[in-house]
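To keep things clear, I will list the structure first and then write my remarks on it.
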Amino acid sequence: MRATVLVWMLFLSLLAAPAHGVTLTTPDLPAVDAAAPALAQRVEALYQQFRAFQDRLPFQVGAGLYLWYFQPLSRDTTLAGGSLEGTLQTFFYYFKLDAEVHQFGAHLETRMRDGGHLGPTATNNFFRGFYSSNIWVQEGYVFYSPWKTLTLKAGKVYRRVGIFWDDSFFGNIQFYDGLKLNPDYGASLEGETALLGGAITLSYAAQFFLNSDGVNGGLDYGRLVAGTPGNIDAARVRSPNPEGELDSTGAHMGALRNLFVGRFVLGLHPHSSKAFGAEIGASGLTGSVQRVSMKDMINDEARITHASGDVTFNMGPVLLYCEYLRQFGPGVRDADYVLMGVRGGWRWLSLRFNASYVDYHLGPDVEEVILQPGLTARIGAGLSLMMEWNEWQRRDPRLADPGFTGYDRSLNTSLIYSF
């Protein structure tokens with residue numbers, strides 16, 4: 001542990017030393033440095049030429065991959081399983097296609113995992129156990145956008161409840177419960193308008209999803225509570241991700257249907273600059289969880305509801321955010337979620353600290369918290385390096401140890417390439 005902390009401190013000092021200037025958003029690719037080695041200049045020039053060629057196409061193409069190294073820092077956590085051996089794998093590959101003609105367009109993002117047996121006893125699993133393939137469509141929709149204030153999408157679209165993402169690689173508790181980065185099949189009406197010369201902005205999303213798609217980041221491993229899938233009352237609270245529930249034969253039994261989602265954001269930007277100001281958001285979701293299993297003799301449908309509020313402060317190079325979400329209804333675990341963080345950047349280097357928390361009201365309450373410092377370094381030519389320390393603690397009073405115990409303590413390093 002002490003050695004790992006020293007390595008992190010050394011890495012941070014080396015990266016931060018030459019940094020000048022600040023930015024929050026992902027900057028444009030840096031110009032070729034005349035002092036850089038000749039090979040690096042040629043690589044960067046070729047990359048810029050390729051990007052220019054892309055811009056001339058009638059459609060936009062993008063692709064990339066995430067190379068991930070997972071290093072447990074404690075043997076005593078659930079994910080480590082008693083071992084400090086690290087694993088290296090391609091997290092996923094992706095391909096994007098965007099096209100727009102006369103206000104009509106389409107967007108497609110496909111992802112793929114090559115599986116791979118990571119150890120002598122490992123199975124060739126998909127991204128999650130409830131996925132039906134190692135190749136899937138993350139988002140795919142057509143759209144019509146006559147004005148900036150109105151865009152209509154139809155197809156497979158991300159749900160817009162709360163803050164969209166926290167810019168981390170490993171993710172947060174909301175992601176592992178299927179609440180973040182979760183696309184479903186339906187329609188979305190979105191838009192934004194500016195008032196008083198941009199000092200005030202209003203953005204909105206009104207969505208309807210006929211049914212879920214079985215794609216999200218929900219993770220059950222070591223997080224299930226007592227009960228068997230064959231008991232419908234237990235199934236409602238057994239898993240934190242109803243969309244990924246399986247029956248006693250391993251077949252899908254849970255799905256979300258007829259979801260109504262609404263989000264409204266008020267932005268306040270002094271001097272019409274979005275680099276300074278605040279955004280206040282409110283979101284809601286309601287629909288039903290449907291569980292059907294011929295094997296376990298289950299055919300049930302029950303209500304799910306989300307209500308959330310969030311605030312984001314932009315202070316030049318620094319961004320702070322906080323989100324609270326309440327989940328309730330007889331179809332799911334009754335729970336309170338909190339997500340908060342701070343981040344800032346220096347040209348090609350950004351630092352952040354994220355925290356997420358949940359309190360499941362299961363009688364007794366079960367709690368989880370993730371603390372996550374991290375950094376992102378833009379190397380150039382489409383390459384970025386991300387490093388994150390993940391501290392995930394879980395408290396279940398029904399276990400032998402009623403206090404917080406380690407679910408994960410790890411150092412996560414990912415090399416990301418995109419074009």
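The values are calculated or read from the model by the stated rules, or taken from the named source; none is laboratory data. Owing to the predicted nature of the structure, the values given are computational and were not obtained by experimental measurement. Here the Cβ is made from the backbone with ideal geometry for all residues, glycine too, and neighbour counts use every protein chain on show. When the accessible area is computed, the model is the full protein with side chains, heavy atoms only, and any ligands, DNA or RNA have been set aside. Shrake-Rupley method; radii C 1.70, N 1.55, O 1.52, S 1.80 Å.
Just a few scattered comments:
- Criterion applied to Gly178, Gly171, Gly197, Gly129 was being at pLDDT below 95 and in a loop (DSSP other than H, G, I, E, B), and the one residue passing it is Gly129.
- Among residues of region 146-178, those that are within 17 Å of His107 (Cβ to Cβ) and among the polar types (S, T, N, Q), counted: 1
- Residues of region 50-92 classified as outside any loop (DSSP other than H, G, I, E, B) and open to solvent by less than 60 Å² (accessible area, probe 1.4 Å), total: 17
- Single condition Tyr221 does not satisfy, out of (1) open to solvent by 50 Å² or more (accessible area, probe 1.4 Å); (2) part of a loop (DSSP other than H, G, I, E, B); (3) modelled with pLDDT of 95 or more; (4) not aliphatic (A, V, I, L, M): (3)
- Hits in region 245-297 - residues which are charged (D, E, K, R), in contact with a Ser or Thr (Cβ under 8 Å, 6 or more places away or on another chain) and part of a strand (DSSP E or B): Arg257, Arg263, Glu279
- Meets criteria (within 22 Å of Leu189 (Cα to Cα) and either open to solvent by 50 Å² or more (accessible area, probe 1.4 Å) or out of contact with any strand residue (DSSP E or B) (no Cβ under 7 Å at 6 or more places or on another chain) (or both)) for Phe276: no
The rows are residues; the columns are (1) within 30 Å of Gly267 (Cβ to Cβ); (2) assigned to a strand (DSSP E or B); (3) of a type in the set (A, V, I, L, M, F, W, C); (4) without any contact (Cβ under 8 Å) to a residue 40 or more places away in the chain.
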{"position": "His306", "(1), (2), (3), (4)": "yes, yes, no, no"}
{"position": "Pro330", "(1), (2), (3), (4)": "no, no, no, no"}
{"position": "Arg352", "(1), (2), (3), (4)": "yes, yes, no, no"}
{"position": "Ala355", "(1), (2), (3), (4)": "yes, yes, yes, yes"}
{"position": "Gly363", "(1), (2), (3), (4)": "no, no, no, yes"}
{"position": "Glu367", "(1), (2), (3), (4)": "no, yes, no, yes"}
{"position": "Glu388", "(1), (2), (3), (4)": "yes, yes, no, no"}
{"position": "Gln393", "(1), (2), (3), (4)": "no, yes, no, yes"}
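- Subset tally (residues that are surrounded by fewer than 19 Cβ atoms within 10 Å (Cβ to Cβ) and among the acidic types (Asp, Glu)) for region 365-402: 4
- Index of the failed condition, Ala40 passing every other in (1) within 23 Å of Asp220 (Cβ to Cβ); (2) surrounded by 13 or more Cβ atoms within 10 Å (Cβ to Cβ); (3) modelled with pLDDT under 95: (1)
- Ala235, sole failed condition from (1) open to solvent by less than 40 Å² (accessible area, probe 1.4 Å); (2) touching a Leu at 6+ places or on another chain (Cβ under 9 Å); (3) of a type in the set (A, V, I, L, M, F, W, C); (4) not in a strand (DSSP E or B): (2)
- Scanning region 325-348 finds one or more residues that are more than 16 Å from the chain's Cα centre (by Cα), under 30 Å from Phe276 (Cα atoms), among the small types (Gly, Ala, Ser) and crowded, with 16+ Cβ neighbours inside 10 Å.
- Residues that are modelled with pLDDT of 95 or more and acidic (Asp, Glu), drawn from region 269-298: Glu279
- When restricted to residues that are out of contact with any strand residue (DSSP E or B) (no Cβ under 7 Å at 6 or more places or on another chain), more than 27 Å from Ile416 (Cβ to Cβ) and open to solvent by less than 20 Å² (accessible area, probe 1.4 Å), region 161-202 contains 1.
- Restricting region 126-160 to residues that are basic (Lys, Arg) and open to solvent by 20 Å² or more (accessible area, probe 1.4 Å) leaves a set whose member that is nearest to Ser248 (Cα to Cα) is Arg128.
- The residues on offer are Tyr417, Tyr407, and the sole one that is open to solvent by 50 Å² or more (accessible area, probe 1.4 Å), assigned to a strand (DSSP E or B) and touching a residue at least 60 places away in the same chain (Cβ under 8 Å) is Tyr417.
Listed here are the residues, each with its yes/no results for (1) free of Cβ contacts under 8 Å to residues at least 60 places away in the same chain; (2) under 19 Å from the mean Cα position of the chain (by Cα).
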position	(1), (2)
Gly140	yes, yes
Leu152	yes, no
Lys156	yes, yes
Gly162	no, yes
Asp166	no, yes
Gly186	no, no
Thr193	yes, no
Phe209	no, no
Gly217	no, yes
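- Subset tally (residues that are in contact with a Ser or Thr (Cβ under 9 Å, 6 or more places away or on another chain), more than 13 Å from Gly262 (Cα to Cα) and of a type in the set (Ser, Thr, Tyr)) for region 180-215: 3
- Scanning region 263-304 for residues that are of a type in the set (Ser, Thr, Tyr) and closer than 19 Å to Tyr158 by Cβ returns Ser283, Thr286.
- Residue that is modelled with the highest pLDDT, among those in region 101-121 that are farther than 23 Å from Gly62 by Cβ and open to solvent by less than 40 Å² (accessible area, probe 1.4 Å): Gly115
- Search result, residues across region 349-364 that are in contact with a Leu (Cβ under 8 Å, 6 or more places away or on another chain) and open to solvent by less than 10 Å² (accessible area, probe 1.4 Å): Leu349, Asn354, Ser356
- Filter result (among the aliphatic types (A, V, I, L, M) and under 25 Å from the mean Cα position of the chain (by Cα)) within region 277-302: Ala278, Ile280, Ala282, Leu285, Val289
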